[in-house]
Amino acid sequence: MDESNKMGFLGATSYVIGNIIGSGIFITPASILRNVDSIGLSLLIWVLCAVIAILGAICYIELGTSIREAGCDFAYICYVKWYSIAFAFMWVSVLMTYPATIAICAETFGQYLIEGLKQYYEIDEALVPTCQKLFAYSLLFLVTWMNFFELSKFAARFQILATVAKLFSCLLIIGTGFYFYFVKGWHGYLENPMQGSKYGTGNLILGFYGGLWAFSGWDVLNYSTGEIKHPKRNVPFALLTGISVVTAIYVAINVAYFVVLDVESVKQSDAVAAIFSRETLGDFANIIPFLIGILLIGSLNSNLFSGSRYMYAAARQGHLPACFSCVNGETESPRVAVLAQSVLALMISYIGDLDTLITYVMFGFWAQRIFSLVALLIIRHNHIPVHPDAVRVPLFCIYLFLIITVALVIIPIFYEFQSTALAIAICLFGFVLYYVFIEKAIFPRWLVTLNKKVTLWCCILFDCLPDVKGGVQLLASDSSQALLSERLSSTRLSDDSLPDLHSDEKNIMRRNGSAAGLKMLISSVPSSLVDLISDVQ
């Protein structure tokens, strides 16, 4: 790539800041308080989460500058040839982590919309949970439908709007809270900040899960280190600067919340910003829930886009059924993967509340990081060749972050077994699938037939065609292989990167080449599909 097209320090720093600040800051204050029960301990957890994020960023600086491949943890684990482990975590990400993230955004949108409508209408409290679900599902349906079509123009403009809403909301909350503290003298709730603190190990770890959820996304540059100018210099500075700015914003927002709201008020609602604005901004508060709603739509849109592309990439590698690689020729949208992620999000939303969903997501994140850190230690101790311009960090930083990561994974197994057992079960099932099917590449006849039929009907129903890498055996028939061979490589979605989980700003993956090849291929679909139908029958 031409150096002039790469991100510099300011671009990379803004990318880190924009990627971290998302729906988490409007969800997790309540989640943390429900676990630790005090303002002071809650603020301390926020600061310590920032320290953990900075420590993690230091370790990932070495990983990102040593292994300059797209995919972050997936790429690092594959670098030491632990393909089965990489597959198992990919499996967890596709089935649970991405859908849970999408579900969190949708559920929170429903909560804030209800808070906004309560200012105009009387809503029976017994109907509130049902209404929240309906609003969440309506939004998910709308965003799913939009992702079926060309998104470049819409997504670019909409994400700019969401980013402006995000920063405006944060600054408005901070300015209002500090005004009430310094000008109006509202100090009451901050006078005994440690009162009622719960110091149990389980309470603290689950509190950290909430804070770390809000900070997640600090590893965003590791998904595209090769697209940054002078990564040896800019990656470390951008990561550390971005996390420091986010830390200041997060702590300031939480202080602003607690100037106005007591512990119980925050604990009883995940829509904290809506309650805060209602207490302080008068009539202007009416727009805050809807402003945050716009932010959450942007978060859901980018997470659904990322999750579906991750699923598409895995299917194209032959690690998932071929139907999930099906791409529409006109829009280049992997429609089957988009729908699959939405359906999984709907299913996961019934498993538990927001705190439970956050636990699912964070457990998957941190479990995967254990293997990335162990891979880094193996690379260091075995002197495995890496990029010559790699940044070396002190070994004690890697070991310290590894210890923290192991604690964040193991302790919740004992204190929140139900929330973590599902993630463990799916991961172990992924190992079984890899060794039974992927490594040996031996499929029973009934599974091959099922794959053919499902892929065929997905092609018909979603007006799309499968897109798999060369060498991956998708369908056995001559006509189907001829159909696949006509797909030009320049029409495929980008091979260069896997999208990140918590990005609110990574709107659209880079697309290589033009759509001319797909358009040409689409014209031949009817006759090819007739041949495929004959083969299946």
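The values are calculated or read from the model by the stated rules, or taken from the named source; none is laboratory data. Worth saying up front: this structure is predicted, and the values here are computed from it rather than measured. Cβ: placed from backbone, ideal geometry, glycine included. Neighbour counts: every protein chain shown. Note: accessible area is taken over every heavy atom of the protein model, side chains too, but ligands, DNA and RNA are not part of it. Shrake-Rupley method; radii C 1.70, N 1.55, O 1.52, S 1.80 Å.
Observations on the structure shown:
- Breaking point among (1) at pLDDT 80 or above; (2) open to solvent by 30 Å² or more (accessible area, probe 1.4 Å), for Asn35: (2)
- Scanning segment 106-127 for residues that are at pLDDT 85 or above and among the hydrophobic types (A, V, I, L, M, F, W, C) yields a count of 5.
- Tally, over segment 52-72, of residues that are under 24 Å from Phe431 (Cα atoms) and open to solvent by 10 Å² or more (accessible area, probe 1.4 Å): 2
- Tyr199 meets all of the listed conditions (1) outside any helix (DSSP H, G or I); (2) modelled with pLDDT under 80 but one, namely (2).
- Members of segment 91-108 found to be under 21 Å from Ser265 (Cβ atoms) and not polar (S, T, N, Q), listed by number: Glu107
- Flag if Gly177 is modelled with pLDDT under 80 and assigned to a helix (DSSP H, G or I): no
- Of all residues in segment 393-442, those satisfying the criterion of being surrounded by fewer than 15 Cβ atoms within 10 Å (Cβ to Cβ) and not in a helix (DSSP H, G or I) are Pro394, Glu439, Lys440, Ala441, Ile442.
- Among (1) part of a helix (DSSP H, G or I); (2) modelled with pLDDT under 85; (3) not basic (Lys, Arg) - the single one Glu150 does not satisfy: (1)
- Where Ala100 falls short, out of the listed (1) surrounded by 24 or more Cβ atoms within 10 Å (Cβ to Cβ); (2) among the aliphatic types (A, V, I, L, M); (3) modelled with pLDDT of 85 or more: (3)
- Checked against the criterion of being of a type in the set (Phe, Trp, Tyr) and modelled with pLDDT of 85 or more, the candidates Trp91, Trp82 yield just one match: Trp82.
- Residue within segment 385-392 that is surrounded by fewer than 23 Cβ atoms within 10 Å (Cβ to Cβ) and among the basic types (Lys, Arg) present: yes
- The listed residue being at pLDDT 85 or above, crowded, with 23+ Cβ neighbours inside 10 Å and of a type in the set (S, T, N, Q), out of Ser302, Ser325, Ser372, Ser306: Ser372
Let's see how each residue does on (1) among the β-branched types (Val, Ile, Thr); (2) modelled with pLDDT of 80 or more; (3) surrounded by fewer than 22 Cβ atoms within 10 Å (Cβ to Cβ):
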{"position": "Ser216", "(1), (2), (3)": "no, yes, no"}
{"position": "Asn222", "(1), (2), (3)": "no, no, no"}
{"position": "Pro231", "(1), (2), (3)": "no, yes, no"}
{"position": "Pro236", "(1), (2), (3)": "no, yes, yes"}
{"position": "Leu239", "(1), (2), (3)": "no, yes, no"}
{"position": "Ala252", "(1), (2), (3)": "no, yes, yes"}
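- Subset of segment 130-143 (residues that are more than 12 Å from Leu346 (Cα to Cα) and open to solvent by less than 70 Å² (accessible area, probe 1.4 Å)): Cys131, Gln132, Phe135, Val143
- Any hit, segment 236-247, residues being touching a strand residue (DSSP E or B) at 6+ places or on another chain (Cβ under 8 Å) and under 18 Å from Gly8 (Cβ atoms): yes
Residue-by-condition table, conditions (1) aliphatic (A, V, I, L, M); (2) buried (at least 22 other Cβ atoms within 10 Å of the Cβ):
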residue	(1), (2)
Ile249	yes, no
Asp262	no, no
Ser265	no, no
Ser269	no, no
Phe276	no, yes
Ala285	yes, no
Leu296	yes, yes
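- Residue check: Val343 meets all listed conditions (1) open to solvent by less than 10 Å² (accessible area, probe 1.4 Å); (2) at pLDDT 85 or above; (3) within 25 Å of Ile114 (Cβ to Cβ) but one, namely (1).
- Selection of first residues in segment 156-180 that are at positive phi and of second residues that are open to solvent by 80 Å² or more (accessible area, probe 1.4 Å) and modelled with pLDDT of 80 or more, restricted to Cβ pairs under 9 Å at least 6 apart or on distinct chains, gives an empty result.
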